[in-house]
Amino acid sequence: IYSVPATASGIVNRPATIKYIGPSGEEEQKFTISYQVIEPTATVSPSKMNVLYSGIPTHAHIAEGAGVPADKVRAEVKGGSTISRQGGHFMVTPSAGAKTLSIVVSAEIDGKWPNMGTSDFRVKPVPPPTAVVDGVQGRTATKGQLISSQGLRAIPLADFDFDAKFTITSYEVSVINN
């Protein structure tokens, strides 16, 4: 086995010669070996969208580009957030108040853990829910709607892409007598 360390990225052409004993004695076959050397890379992609939301756990599929098995790939998050491996993917949970975070990927190659790449993400707060009384959204409900209502519930914004659950912990009611 012939081994040469890579000194730069790009296309490499190496001349090679094979010598062997053939029917008419020692023979020689000359040829060129061509291969490409690439920089260490990794791809990080949130499963649902390109923005992460504070406090919402998000699946992130992390693929390392050099053919390293998934169990030899590590990810850490910088920016006051958490990341954990769950099966074949990672779960990223941005901290409340974070504006950005970075996911740093490393992979075990020949017993070492080189950095394979870093991806930066914006972090947004979860949009506030809308209060609903018997399907009536907004600030005004009639006395009859309030009396017959089975309760007040909170629903996320229609354009929000996650299945967020909200619990109403308090509310205020103002009454206008006519």
Treating the beta-carbon of each Lys and Arg as +1 and of each Asp and Glu as -1, no other charges, what is the dipole magnitude of the chain about its Cα centre, to the nearest 20 debye? 600
Peptide ranges 15-27, 32-44 listed from the most packed, as the mean C-beta count within 10 angstrom indicates: 32-44, 15-27
Mean separation of Cα contacts under 8 Å (6+ apart) over length of the chain, as relative contact order %: 15
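With +1 assigned to the C-beta of every Lys and Arg and -1 to the C-beta of every Asp and Glu, and no other charges, what is the dipole magnitude of region 1-94 about the Cα centre in debye, to the nearest 20? Before the final figure, lay out the partial values.
Working: 8 positive and 7 negative charges, 73 e Å.
Taking the Cα centre of region 1-94 as origin, the dipole is about 360 debye.
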For residue 129, the net charge from surrounding residues (Cβ-Cβ under 12 Å; K, R +1; D, E -1) works out to +2
For residue 78, give me every one of the lysines with a C-alpha distance below 27 angstrom, ignoring sequence neighbours fewer than eight places off in its own chain. 48, 99, 112, 124, 165
For residue 153, the accessible surface traced by a 1.4 Å probe with all protein chains present amounts, in square angstrom to the nearest 10, to 130
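Taking the Cα centre of region 89-178 as the origin, how large is its charge dipole in debye, to the nearest 20, when only Lys and Arg (+1) and Asp and Glu (-1) carry charge on their Cβ atoms?
340
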Any idea of residue 163's accessible area? Nearest 10 Å², probe 1.4 Å. 130
For residue 30, list the lysines whose Cα falls under 21 Å from its own Cα; do not include residues on the same chain fewer than 8 positions away. 19
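Compute the convex hull volume of the Cα atoms of region 3-63, divide it by the residue count, and report the result per residue in Å³ as a whole number. Don't skip to the end; give the middle numbers.
Values: hull volume 10.3 nm³, N = 61.
Looking at region 3-63, the number lands at 168 Å³ per residue.
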Probe 1.4 Å, heavy atoms of protein chains only: per residue, the accessible area of region 31-178 in Å² is 68
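The values are calculated or read from the model by the stated rules, or taken from the named source; none is laboratory data. All values derive from a computational prediction rather than experimental measurement. Because the Cβ atoms are built from the backbone with ideal geometry, glycine has one as well, and the counts that use them run over all protein chains shown. All accessible areas refer to the heavy atoms of the entire protein, side chains included, with ligands and DNA or RNA removed. Shrake-Rupley method; radii C 1.70, N 1.55, O 1.52, S 1.80 Å.
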